[in-house]
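S.K.: Right, I'll just put the structure down here and ask away after.
The values are calculated or read from the model by the stated rules, or taken from the named source; none is laboratory data. Predicted model only: the values in this text are computed from it and were never measured. FYI the Cβ positions are ideal-geometry reconstructions off the backbone, even for glycines, and counts take in every protein chain you see.
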Amino acid sequence: MIDLAVLQQGLAMLASPWTFLALSAGLAGGILIGALPGLTATMAVAVLAPFTFFMEATIGIPFLLGIYKGAIYGGSIPAILVNTPGTAAAAATARDGYALTQQGKSRKALELSLYSSVVADFLATLVLIMVAIPLASIAIRFGSPEFALLYLIALTMIATVSGESFLKGLIAAGLGLLVASIGLDPMSGYQRFTFGNTDLLGGVSLIPLLIGMFALSEILMQLTHPPERTNDAGQAVEHGGERLKWAEFWALRPTILRSTSLGTFLGSLPGLGAEIACWIAYGLARGRSREPERFGKGSLEGLAAAESGNNAVVPAALIPMTVFGIPGDTITAVLIGALMAQGMMPGPLLIQQNPGFLFGLFLVLLVTNVLLLIFGLAAIRWLKQVTRIPPTVLYPCVLLLCLCGAYAVNSSTFDLLILVVGGGLGYVMRRTHFPIAPLIIGLLLGPGFESAVRQSLVFSNGSLAIFWSRPGSLILLILLALVILTMAWRGLVKAGVIRKRSKSHPTKSNNI
Amino acid sequence: MSRPLLTRTFLAASLAAATALATGQVLAEESHLPDEPIRFVTPYPAGGSHSLHAGIITAVGEEFLGRPLISVIRGGGGGAVAAAEVAGSTPNGTMLLFGDPTINSLRPQVEDLPYEMDDFVPVARINYSPAIFVTTPDQPFQSIGELVEHAEENPGEVVYSSDNRNGFTYTVFEMLKATADIEMRGVELGGGGPAVTQLLGGNTMAYAGDPSVVGEHLEAGSLVGLCVTDTERFEAYGDIPTCQEEGYDVVFQFWRGVMAPAGTPDEVIAELSDGFQRLTEDEGFLRLIGQIGSGIQFLGHEEFAEALAAEQAALRDAYLDD
């Protein structure tokens, strides 16, 4: 079925030492960029793309792909070690990853994050190669009503990350949605809550706020509430704790497989990215877990779900790009630009006209995973030492990096202010036991949800029927109802047991 | 009395030295630009046609402008954030906006934005592209005349993909609706990518966009071209008529041009304009621009200023009449 010449051309591309070198350089650079909070994959790919215009396509494009993959993985490293997600997609990773680090199991967390990422990425790449075309033809049928319902399903995950108080979770999520509505109205262009401030026209920048809420508030917490140092001088175990056992990883295979399929599906929908996939995967894993109470307190399942969910998005986001020439997310939009500058227009014509190059790219994607594993393991050897650095040295360095990162996103000093405000808000929330995750989810999903709902209502001339009259939206609506019912049922069972014991008498007397 | 003399001699000597130094510098560079890099601001998020063009301009530009160019990608507010920032920067040629008609001609007139049209002076137009009205092969209309007819028979039933309020697509559809006197509904999807996706997915029925966005689908046959919003046919797709040929007076050229904040000295504007002209004549630059499916229709600062003033007046008439 596959043309032999195509196969040969693809393999030749892989065999070129320059391709290999470019890929390795991109991957190593990507991990570093992802690990620095504020420097995002999108930024890196956008800034470096013009330089690849002067390179051969077989060097320039693998270089950019390496950066993309490396950066998404790299974001999990600071999330685990210092509770500072390097990218927005790693926000869910920080919950359980950092909890594990606090328990002295940073090595295990880093290894699990690496293995989940590599496995998810590998499987999603196979999906890209095998079923890109059928999957894409389903994905393109998804219109605004379906997106609105998907966003709504994602928003129900607030319940799973709220911690002890659902009410506090809802308040935090509402605050997130409110902050997300600042800026120019996406449809009519009116200014909302900008108070005449030009810097707020584009909305509150997400990355600086995220860095502030996680990193700065963590630093403030360390300052006012230093954790008790377990001072067992005769440490028998190696620093960073023990390594991940094979049995532990093997036990996680249903979680990883589930999160990977979810991430792959969400990634193949143009417009949904890793930031959303990680939270849905996380919430789903908690719902299916036998020990949901461990989530947020160092659950291996939670960490594996978040990391495999966000990494599966990377190859999947290439599906709409290769099949239709439509960007799956902002990074693939930049990649399309880079491909165009090489005289190759991604989309149906590329499959017909240059199948060898495309096949080579797919092979490159698979090889990247092997390289990622090697680079990652090498990095962990050093990274596990980070916990050895005294907090008085570590946190000032983290703060400096955060300030640089927040500034770099938009080269705007106003973003530094957002970072500080976010840090203060995060600190107050932690002290008053408000969960931060629901706020982040509200902030991430708010703009997309709003646009999708309002676009749907323009489609339907204001009729809500559009949310159940289409086959796709009907299925999603039923799914949403099921999610809510399951959650409600679980909650009632939990509360009902208590009620049964205490209210058995009054119920009887009432029924007379 | 010896002291004043000494002072005077010293003064004269240092003046001479300063003059010599200054002349030397002018001879070496002949530039009115401050000796620092130029920030070239793209007002949209990375990935669109603006950032592609800007990437090439900033990568090749130093040789022709005599200063390194730093590409600043500053999205937000449909371009308003970047425009307001450049408008408020020091007017000495060190910060330039990569502008377009929606940012520099249309929106400041119809929206309440933190900058005015007169906050900018034109430096150079790099190129322009027309919009191509398109639909999918399974729609009941396959020409612009049939689209208008269909919309007349089913008022408000034709739903099209739009980009942003007062954006490129939005504007040409408003023009079509006004000249043909029809009712259609636009869904603002935020950009060319999602707009084409919704059209291909059968959720909307028509779209009008940049040839770089729709071109590939025209070649593959997944989209059908209806008409071009220019006075001449688009070379690469010569079989698509202009809207004027079909009897609808919709002409809109979406230019990409360099704008400087108002108050920038004339000699700096002229020098920048010359620099960009030399850049757009460079073979390597033209090859790269060709590879992204674009071309060059350069206008120097004087001609560009005239064209811009005419466009701003035309849009004022079209929009503020009703």
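S.K.: For region B:85-105: of the residues being in a helix (DSSP H, G or I) and at pLDDT 90 or above, which is nearest to residue B:254 (Cα to Cα)?
M.R.: Taking region B:85-105 first, the residues in a helix (DSSP H, G or I) are B:85-87, B:101-105.
Narrowing further to those that are at pLDDT 90 or above: B:86-87, B:101-105.
Values: B:86: 21, B:87: 21, B:101: 6, B:102: 8, B:103: 11, B:104: 11, B:105: 11 Å.
Ranking the candidates gives B:101 first.
S.K.: Within region B:61-81, how many residues are farther than 11 Å from residue B:37 by Cα and within 9 Å of chain A (Cβ to nearest Cβ)?
M.R.: Count: 9.
Matching residues to (1) away from every other protein chain (no Cβ under 14 Å); (2) more than 23 Å from residue A:43 (Cα to Cα); (3) modelled with pLDDT of 80 or more; (4) touching a helix residue (DSSP H, G or I) at 6+ places or on another chain (Cβ under 8 Å):
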position: A:340; (1), (2), (3), (4): no, no, no, yes
position: A:348; (1), (2), (3), (4): no, yes, no, yes
position: A:352; (1), (2), (3), (4): no, yes, no, no
position: A:366; (1), (2), (3), (4): yes, yes, yes, yes
position: A:376; (1), (2), (3), (4): yes, no, yes, yes
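S.K.: A follow-up question, please. Inside region B:252-297, can you point out the residues that are β-branched (Val, Ile, Thr) and away from chain A (no Cβ under 14 Å)?
M.R.: Going through region B:252-297, the residues β-branched (Val, Ile, Thr) turn out to be B:258, B:264, B:268-269, B:280, B:289, B:292, B:296.
If the condition is that a residue be β-branched (Val, Ile, Thr) and away from chain A (no Cβ under 14 Å), then B:258, B:264, B:268, B:269, B:280, B:296 are the ones that fit.
S.K.: Exactly one of (1) at negative phi; (2) more than 9 Å from every other protein chain (Cβ to nearest Cβ); (3) out of contact with any His (no Cβ under 6 Å at 6 or more places or on another chain); (4) at pLDDT 90 or above is unmet by residue B:223. Its number?
M.R.: Only one criterion is unmet by residue B:223, namely (3).
S.K.: Condition test on residue A:408, is it aliphatic (A, V, I, L, M), more than 10 Å from chain B (Cβ to nearest Cβ), touching a residue at least 24 places away in the same chain (Cβ under 8 Å) and closer than 25 Å to residue A:42 by Cβ? Don't jump to the end; show me each part of the working.
M.R.: On the way: aliphatic (A, V, I, L, M): yes; more than 10 Å from chain B (Cβ to nearest Cβ): yes; touching a residue at least 24 places away in the same chain (Cβ under 8 Å): yes; closer than 25 Å to residue A:42 by Cβ: yes.
For residue A:408, the condition - aliphatic (A, V, I, L, M), more than 10 Å from chain B (Cβ to nearest Cβ), touching a residue at least 24 places away in the same chain (Cβ under 8 Å) and closer than 25 Å to residue A:42 by Cβ - is met.
S.K.: Here's another thing I want to ask about it. Give me the helices (runs of 4 or more DSSP H) completely within region A:131-222, filtered to those with at least 1 residues that are within 14 Å of another protein chain (Cβ to nearest Cβ) and of a type in the set (Val, Ile, Thr), ordered by residue number. Talk me through it step by step, then tell me what you get.
M.R.: Numbers: elements: A:144-156, A:166-180, A:206-211.
Here the list reads A:206-211.
S.K.: May I ask you to list the residues in region B:220-242 that are farther than 21 Å from residue B:195 by Cα and part of a loop (DSSP other than H, G, I, E, B)?
M.R.: Of everything in region B:220-242, those that are farther than 21 Å from residue B:195 by Cα and part of a loop (DSSP other than H, G, I, E, B) turn out to be B:230, B:231, B:232, B:233, B:234, B:238, B:239, B:241.
S.K.: Applying the selection to region A:413-439, what residues are crowded, with 19+ Cβ neighbours inside 10 Å and either in contact with a Pro (Cβ under 8 Å, 6 or more places away or on another chain) or within 20 Å of residue A:185 (Cα to Cα) (or both)?
M.R.: Once the filter is applied, which keeps residues that are crowded, with 19+ Cβ neighbours inside 10 Å and either in contact with a Pro (Cβ under 8 Å, 6 or more places away or on another chain) or within 20 Å of residue A:185 (Cα to Cα) (or both), region A:413-439 yields A:415, A:418, A:419, A:422, A:429.
S.K.: Restricting attention to region A:67-104, which residues are within 28 Å of residue A:338 (Cα to Cα) and basic (Lys, Arg)?
M.R.: Once the filter is applied, which keeps residues that are within 28 Å of residue A:338 (Cα to Cα) and basic (Lys, Arg), region A:67-104 yields only A:69.
S.K.: Another question about this same structure. State which residue is surrounded by the most Cβ atoms within 10 Å (Cβ to Cβ) when the search covers only region B:191-206 and only residues that are within 9 Å of chain A (Cβ to nearest Cβ) and farther than 14 Å from residue A:326 by Cα.
M.R.: Going through the qualifying residues, I end up with B:204.
S.K.: It is to be established whether one or more residues within region B:207-214 are within 28 Å of residue A:270 (Cβ to Cβ), assigned to a strand (DSSP E or B) and within 14 Å of chain A (Cβ to nearest Cβ). Write out each step before concluding.
M.R.: Going residue by residue through region B:207-214, those that are within 28 Å of residue A:270 (Cβ to Cβ) are B:207-214.
Restricting the remaining residues to those that are assigned to a strand (DSSP E or B) gives B:207-209.
Then keep just the ones that are within 14 Å of chain A (Cβ to nearest Cβ); that gives B:207, B:209.
There is at least one residue in region B:207-214 that is within 28 Å of residue A:270 (Cβ to Cβ), assigned to a strand (DSSP E or B) and within 14 Å of chain A (Cβ to nearest Cβ).
S.K.: Same structure, new question: Without any contact (Cβ under 8 Å) to a residue 12 or more places away in the chain and more than 12 Å from every other protein chain (Cβ to nearest Cβ), is that true of residue A:428?
M.R.: Working: without any contact (Cβ under 8 Å) to a residue 12 or more places away in the chain: yes; more than 12 Å from every other protein chain (Cβ to nearest Cβ): yes.
Considered against the rule, which asks whether it is without any contact (Cβ under 8 Å) to a residue 12 or more places away in the chain and more than 12 Å from every other protein chain (Cβ to nearest Cβ), residue A:428 comes out as yes.
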